[in-house]
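The values are calculated or read from the model by the stated rules, or taken from the named source; none is laboratory data. Remember, predicted model here, so these are calculated numbers, not experimental data. FYI the Cβ positions are ideal-geometry reconstructions off the backbone, even for glycines, and counts take in every protein chain you see. Note: areas computed on protein heavy atoms with side chains; ligands, DNA, RNA excluded. Shrake-Rupley method; radii C 1.70, N 1.55, O 1.52, S 1.80 Å.
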Amino acid sequence: MIRVSDKSRCCGCEACVNICPSHCIQMVSDSEGFLYPVPDMGHCLSCGKCEDICPVLHPAEETSVKPAAWAAMNRSDAVRKESSSGGVFSLLAESVIQNGGVVFGAAFNECFDVEHIAVETMEDLARLRGSKYTQSRIGTVFQQVRHHLKAGREVLFSGTPCQIEGLRVFLGADYANLLLIDLVCHGVPSPLVWREYVAFRETKNASQTRRISSRHKKYGWKRFSVSFTFMNDTEYLAPLERDVFMRAFLTDCCLRPSCGTCAFKKIGRASDITLADFWGIQSVLPPLDDDKGTSLVIVHSPKGTKAFDAVSSSCTRASVALDAALRGNPAMTKSVVFHKNRSKFFENLKKLPFDVLVKRYATRKYTLKSCVAEVLRRLGLLDRVKQCLGKEHDS
C-alpha cells in the first residue's frame with residue numbers, strides 16, 4: 001500500500017488514486033495545503049498497484065534522443081493575448097477538437113481552485129488557456145483519459161511533468177491517439193496559499209472574484225501582470241514584481257516539498273511536446289520578439305513532430321538550437337532551492353494578513369552581482385558571459 005513518510009517523495013499526481021481497484025485511497029490535505037494519498041486500510045486489498053504505479057518510486061528512464069527546439073507564435077493576436085506565451089497550446093488543442101477529440105488541462109472552477117477538466121468545444125477551450133499558479137487536482141481524470149482512448153477518440157493531455165509521467169504509468173501502454181504536453185515547471189504552489197491570496201484580494205476589494213488572469217499582458221509579456229476583476233466592477237492589476245502572491249511564488253516560499261528534488265526535470269521527457277515561455281528570445285531570435293509572447297516548443301517524439309507540423313500554417317515558427325533555447329529556462333533541468341523562511345511562511349500563513357506574511361518572510365537579499373546575473377539570464381546571455389569570463393581567466 002502507498003505510505004507517504006517523506007513528503008518530498010510524493011508529487012501529488014494522484015496516479016495511485018486512479019489505479020486503486022477498491023477505490024480506498026483519498027487525497028488528504030496537510031497543514032500546508034498540499035494533498036497526499038491516504039489509504040483506507042479496512043478496504044485495502046494489499047495488491048500493491050498503488051506503489052507499483054508511483055512515478056517517484058519508479059521514475060522513467062530519461063530518453064537519449066535529443067529533442068528539437070522551436071520558437072513559435074500563434075498568428076492570432078487575440079488568442080496570443082489570452083495565452084501565457086505564444087498561444088501554441090491553443091493551436092494543438094484546436095486541432096484535436098476539430099478531429100472530434102477531447103482535451104484535458106488545468107482550469108479554474110467556480111471557487112477559483114484549480115482542477116483538471118475535459119474540454120470538447122472551441123468555446124470551452126478558453127478555460128484552459130493561461131497559467132494557473134497552484135497545483136491542480138487530478139481527481140479521476142486519468143480514468144477518463146483511458147476511457148476516451150479505448151473508445152478510439154483523440155486525446156490531448158496537458159499538465160506538469162510529474163502528472164504526465166503519472167498518467168503514462170497509469171495507462172501502461174503508448175496510445176497512438178494520445179498527445180502528451182508538459183511544461184517547463186518552476187514548481188507548484190500550495191492550493192491553501194492560493195486560496196488565502198484570493199480571499200485577501202476579495203477582502204481588499206470588498207467583492208467576490210469574477211475573473212482571474214495570472215499572466216495579463218497590459219505591460220507586455222516579459223513584465224506580465226496579475227489581474228483580478230470583481231463582481232462590484234472593480235479591478236486589481238499589478239506587474240509580477242509588485243504582486244504579493246507572485247513574490248511568494250518566485251522566492252520559493254510556498255512550493256510543494258517534492259519540487260525541491262523533482263525527478264522529472266530533464267531533457268529527455270515522457271511527453272511528446274514541452275511548452276514554455278521563450279525567455280531570452282530577444283537575443284536568440286529577435287524577429288520573433290514583439291513582447292506579446294513567444295512560445296518555446298521542445299518536440300520529443302515523432303508523434304509530437306507530426307502534431308506540431310500539422311499546425312505550422314497557423315503559427316510563425318523557427319528552429320533554434322536546444323542549448324540556446326534553454327538558457328532562459330533553467331527550470332527544464334534544475335529543481336528549486338527553497339527559501340530559508342519556507343517553514344516560517346507556512347507556520348504564519350493563517351496568523352498574518354497575506355501582504356504582511358509575504359513582506360516578512362518572502363524576501364530575498366539581492367546584491368549587485370545577483371541582479372546583473374538575473375538580467376543576463378532573462379536576456380539569455382548568462383552562459384555566454386560566463387564562457388567569456390572563463391576564457392579570460394584561462395588566458
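In the set (1) open to solvent by 10 Å² or more (accessible area, probe 1.4 Å); (2) assigned to a helix (DSSP H, G or I); (3) more than 29 Å from LYS303 (Cβ to Cβ); (4) of a type outside the set (Lys, Arg), ILE212 fails one condition alone, (2). Look at the stretch 332-343: where a residue is touching a residue at least 24 places away in the same chain (Cβ under 8 Å) and among the charged types (D, E, K, R) and a partner is assigned to a loop (DSSP other than H, G, I, E, B) and buried (at least 18 other Cβ atoms within 10 Å of the Cβ), sitting 6+ places away or on another chain with Cβ atoms under 9 Å, you get LYS334/CYS262; LYS334/LYS265; ARG342/ASP252; ARG342/CYS253; ARG342/CYS254. Restricting PRO67, PRO55, PRO39 to those that are buried (at least 16 other Cβ atoms within 10 Å of the Cβ), touching a strand residue (DSSP E or B) at 6+ places or on another chain (Cβ under 8 Å) and farther than 27 Å from SER95 by Cβ reduces the list to PRO39. Please verify whether LYS218 is within 19 Å of LEU352 (Cα to Cα) and either open to solvent by 20 Å² or more (accessible area, probe 1.4 Å) or in a helix (DSSP H, G or I) (or both), treating the condition exactly as stated. When the stated conditions are applied, LYS218 does not pass them. Applying a threshold of 6 Å to beta carbon distances and a minimum spacing of six or more residues, or different chains, the list of pairs starting in the stretch 130-147 at a residue that is closer than 23 Å to ILE212 by Cα and ending at one that is open to solvent by 60 Å² or more (accessible area, probe 1.4 Å) and outside any loop (DSSP other than H, G, I, E, B) reads SER136/GLU115; ARG137/GLU115.
Can you name the residue in the stretch 250-283 that is assigned to a helix (DSSP H, G or I) and open to solvent by less than 20 Å² (accessible area, probe 1.4 Å) and, of all such residues, is farthest from LYS359 (Cα to Cα)?
Within the stretch 250-283, the first condition is being assigned to a helix (DSSP H, G or I), and the residues that meet it are 250, 257-261, 281-283.
In the following step, the residues that additionally are open to solvent by less than 20 Å² (accessible area, probe 1.4 Å) were identified as 258-259, 281.
On the way: SER258: 25, CYS259: 23, ILE281: 32 Å.
So, considering only residues that are assigned to a helix (DSSP H, G or I) and open to solvent by less than 20 Å² (accessible area, probe 1.4 Å), the one farthest from LYS359 (Cα to Cα) is ILE281.
Residues in the stretch 124-158 that are within 13 Å of ALA176 (Cα to Cα), exposed (fewer than 15 other Cβ atoms within 10 Å of the Cβ) and charged (D, E, K, R): LYS150 only. If the condition is being of a type in the set (S, T, N, Q), open to solvent by 70 Å² or more (accessible area, probe 1.4 Å) and under 16 Å from LEU91 (Cβ atoms), then the stretch 299-329 contributes only SER313. Name the residue that is least open to solvent (accessible area, probe 1.4 Å), counting only residues in the stretch 162-209 that are more than 24 Å from VAL358 (Cβ to Cβ) and of a type in the set (S, T, N, Q). Across the stretch 162-209, the extreme among qualifying residues is GLN163.
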